[in-house]
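Chemist: Structure below; questions to follow.
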Amino acid sequence: MMESSSSKTQLINPEEATRQFYKNWRERFAIPLLLGVLVFGGVALIPTLSASGSIFINLIFIAIFVLTGIVTVIRFSYLVRMSVIMLGVYVIGMSELITHGILGDSLFFFLGLIIFAAMLLSPRVGIAALVVDILTFILIGWLILSGQIVPLNPDAPPALIEDWISASIAVVMLGSVIILGFQRLEQEFFQAQKQVTTTLNTLESERNNLEDMVLDRTRQLDKVNQIGRAVTAILDPDEMLKRAAHLIEVEFECYYIAFFLIDITGQWAELKEATGEAGRVLRENRHRLDLSGKSAISAAIRTKQAHIVQDDANESFRSDNPLLPYTRSQIALPLIVGENVLGALEMHSTKANAFSRQGVGTFQNMANEIAIALENSHLFREAQQSLTEMRATQRQYLHGAWSSLTADQNLEYAIGDNDPTGTQEIEIPLVLRDQSIGQIHLENSTEWTPEQRNLIESITTQATLALENARLVEESQSVALRERLANELIAKIWASTNMESILQTTVRELGRTLEAAEVVIEVSMDEDHE
């Protein structure tokens, strides 16, 4: 793999991500809450201070307001800021309790303390706030009922022990509902966020897997293109198969590659090329497979589809060939050109599940390219063979034509004096389509220069072509003359109206045309007549 797994996007722990998300949500809620407390608290602080008759209570309210402003402006931790808010709510509730008793508005502030604790921190902190509220009610109620302290507001209605007990029960009941509600809400939030995070992790994992598959497929296509370019440049089928087998073995890390071609009977798939020691032994033994058999090669050729054999979860791989004991994955690909199947390509790997159904298309494209290259090499070999036969026939024809012509005529011409002493000789053959029809012999008193040799060879080539053209012209004229004489003779014979005239015309025209000394024509049914 070109890209290591560490470079991939790390998957998120769903539970940790949910807690972090919930924490971030609460921290984003802290600043608006603090600003709201400052604004509304500042508006309510002035009339509260005016109405309060206690300097101690006023100092407590001012201290709480200033402390809230400090934690709002200065960047304290979330726990510190929330602790200040809950402290303020508790102090306000305590002041209301001391001022007006249990029948005042303190109950709302103590319930608010439970709400803020459960919502802003956790349900466990909400339980702690509920316990603090109950303990506060018990302590203050005991002090007031025992007469040790009196409410600061002299007009506050006196409260009985039943009022303190009912208020405590109401706080416990409402606080428990609030805590359980927030606990349930938090669980639902965690569950929903966990499901979202799990889904995102699944999508991220699938995306990473898809990227790996695309990269792997791209590398496979690049290898297939390289193999295709290499094999199409080779015109010899045996050399092409050998080169293709080697490239596939190296590029796809297979330990055995084999090519099978269908024989002329169409009943057997013969091994033409194979790699390794096993391939050498099989080639020497002229290994072949019955196309009606159960082998992967036979199945691929019959069905024109790739056939994969590899390790199964319930059954170990069993190789059909004892010479290939290390095979754990095998694929057979038909070599198809158009509608014709030439044979099959067989690939073996020592790795389990090395060939997948998703990658069959890529391997089949490679097999098709090799099949086309193989067909082209066969066509090229046939064309070369036909061309060789045509050239041999042409040389035979030229040899016969010029032999006949030189037998009837003395085609030789010479100029100059033949002085064998002190001369430099050169002979250039008259070659026409790889057939020598004569030669030019030259003598000179000085050595022939390369420029002179090139000039002589060029003139010789043109002279050879001119001689052949002249022979063809004479041959054409001779053929035309014979055809014209034959046509004239036939026309005169057909112009005769009786048998005697036909016989006379035939004899006369043949003797005149051929300049024969004697011409005899006889019509007879006598079997002994010669």
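What follows draws every value from the coordinates through simple rules; no lab data is involved. Since this is a predicted model, take the numbers as computed values, not measurements. As a convention, Cβ positions derive from the backbone with ideal geometry for all residues, glycine included, and neighbour counts pool all protein chains shown.
Chemist: Loop only by DSSP, 14 or fewer other Cβ within 10 Å of the Cβ. Give me the GluC sites (Glu not before Pro) in segment 200-297 that pass, ordered by residue number.
Modeler: Glu253
Chemist: For Thr497 and Val281, calculate 0.36 nm times their separation in residues minus their Cα-Cα distance, and state this gained length in nm to one decimal.
Modeler: Stretched fully, the Thr497-Val281 segment lengthens by 69.3 nm.
Chemist: How do Thr446, Thr72 rank when sorted from fewest to most other Cβ atoms within 10 Å of their own Cβ?
Modeler: Thr446, Thr72
Chemist: When Tyr90, Tyr256 are ordered from fewest to most other Cβ atoms inside 10 Å of their Cβ, what list results?
Modeler: The order, fewest Cβ neighbours first, is Tyr90, Tyr256.
Chemist: Within the chain, which DSSP H helices have Cα atoms that stretch 18 Å or more along the helix axis and a mean Kyte-Doolittle hydropathy of at least -1.0?
Modeler: Long hydrophobic helices here: 14-51, 55-73, 78-100, 123-145, 161-232, 237-251, 360-408, 450-495, 499-514.
Chemist: Further question on the same structure: Output the pairs from Lys304/Lys351; Lys272/Lys351; Lys223/Lys351; Lys23/Lys194 with a Cα-Cα distance over 21 Å in this structure; if there are none, say none.
Modeler: Pairs exceeding the cut-off: Lys304/Lys351; Lys272/Lys351.
Chemist: Taking the Cβ of Leu152 as the center, what net charge do the other residues with Cβ under 15 Å away carry, scoring Lys and Arg +1 and Asp and Glu -1?
Modeler: Here the charged neighbours net out to -3.
Chemist: Then there's this: Excluding Ser476 itself, what net charge comes from residues whose Cβ is under 12 Å from its Cβ, given Lys and Arg +1 and Asp and Glu -1?
Modeler: After counting each charged neighbour, the total is -1.
Chemist: Calculated from the structure, Rg and Dmax of the Cα atoms in Å equals which of (i) 26.4, 92; (ii) 24.1, 73; (iii) 56.0, 178?
Modeler: It is the one labelled (iii).
Chemist: How high is the FRET efficiency from Ser436 to His378, r the C-beta distance, R0 35 Å, rounded to 0.05?
Modeler: 0.55
Chemist: Rounded to the nearest 500, what is the 222 nm mean residue ellipticity of the chain from helices alone, with -39500 (n - 2.57) per DSSP H run of 4+ residues and division by all residues?
Modeler: That comes out to -22000 deg cm²/dmol.
Chemist: Would you mind pulling out the separation of the Cα centroids of segment 323-372 and segment 88-102, in Å?
Modeler: Segment 323-372 and segment 88-102 have Cα centres spaced 85 Å from each other.
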